[in-house]
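Okay, so here's the structure we're looking at.
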Amino acid sequence: MAPREPFGMFYVAVDPTSKYEKLMGIITMGPYFLMCAMIVLAARCRELLTLAWLAGQLLNEVSNYVFKRLLKQPRPPGAPRVGMHESGMPSNHAQFMGFFVAFALLVVVYRLRGYHPVEKALALAGTVSLGLLVCHSRLLFGFHTFEQVAVGFAIGLASGCLWYALCRLAVFPHASAIA
């Protein structure tokens, strides 16, 4: 394997001869792309669902910050350390994607009307695949252990489900009054 070097504008060290690692280098930045898209969508559309999703995603990030400082589990030996908090538990990327996957799945299942079941299935498969690929990338590049990624994804899934349930009970029924 060739020595790794930073890939583009991201600090992800990839084998410059590996197209697979370059692709995974882009995928590992998925949470950043998704957050930017959510912010633009929230600012542009100002829909309650999008604003609630973004608020939940931000609360999920705050909870990750708290968990990392409480657990203080170090990253694996040799993990890249440029600009990152030393704690690896839980994986922030995995927790972000867990939340995103859970909330997206629940939106597709309970809120999307008028779409063909195949379209819904493709949306679900794509969302889950992206979530799992981001988690895999964190392991591939040595940022986290399997346990740190698994715990992060599980926390994100639970948080996404809880946030959706809270929104469904307390926010969405009052959409017309809020608007």
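The values are calculated or read from the model by the stated rules, or taken from the named source; none is laboratory data. Just so you know, these numbers come straight off a predicted model, no measurement behind them. All Cβ positions, even for glycine, are placed from backbone atoms using ideal geometry, and neighbour counts span all protein chains on display. Each accessible area value is taken on the protein alone, full model and side chains, heavy atoms only, with ligands, DNA and RNA left out. Shrake-Rupley method; radii C 1.70, N 1.55, O 1.52, S 1.80 Å.
One table, with the values for the structure above:
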read-out: Any hit, segment 83-103, residues being open to solvent by 20 Å² or more (accessible area, probe 1.4 Å), out of contact with any strand residue (DSSP E or B) (no Cβ under 7 Å at 6 or more places or on another chain), at pLDDT 95 or above and assigned to a helix (DSSP H, G or I); value: yes
read-out: Any hit, segment 12-31, residues being open to solvent by 20 Å² or more (accessible area, probe 1.4 Å), on the phi > 0 side of the Ramachandran plot and modelled with pLDDT under 90; value: no
read-out: Qualifying residue in segment 37-50 (condition: more than 19 Å from Arg138 (Cα to Cα), in contact (Cβ under 8 Å) with a residue 40 or more places away in the chain, part of a helix (DSSP H, G or I) and not hydroxyl-bearing (Ser, Thr, Tyr)); value: yes
read-out: Residue check for Phe143: open to solvent by less than 50 Å² (accessible area, probe 1.4 Å) and outside any helix (DSSP H, G or I); value: yes
read-out: Flag for Val151 being surrounded by 13 or more Cβ atoms within 10 Å (Cβ to Cβ) and part of a helix (DSSP H, G or I); value: yes
read-out: Unique match (being more than 15 Å from Ala104 (Cα to Cα), among the hydrophobic types (A, V, I, L, M, F, W, C), touching a helix residue (DSSP H, G or I) at 6+ places or on another chain (Cβ under 9 Å) and without any contact (Cβ under 8 Å) to a residue 24 or more places away in the chain) among Phe146, Phe141; value: Phe146
read-out: Failed item in (1) free of Cβ contacts under 8 Å to residues at least 40 places away in the same chain; (2) closer than 15 Å to Leu106 by Cα; (3) open to solvent by less than 60 Å² (accessible area, probe 1.4 Å), with Ala170 passing the rest; value: (2)
read-out: Filter pass, Pro80 being part of a loop (DSSP other than H, G, I, E, B), touching a Phe, Trp or Tyr at 6+ places or on another chain (Cβ under 8 Å) and open to solvent by 20 Å² or more (accessible area, probe 1.4 Å); value: yes
read-out: So Ala165, is it within 20 Å of Leu48 (Cα to Cα), assigned to a helix (DSSP H, G or I) and of a type in the set (Gly, Ala, Ser); value: yes
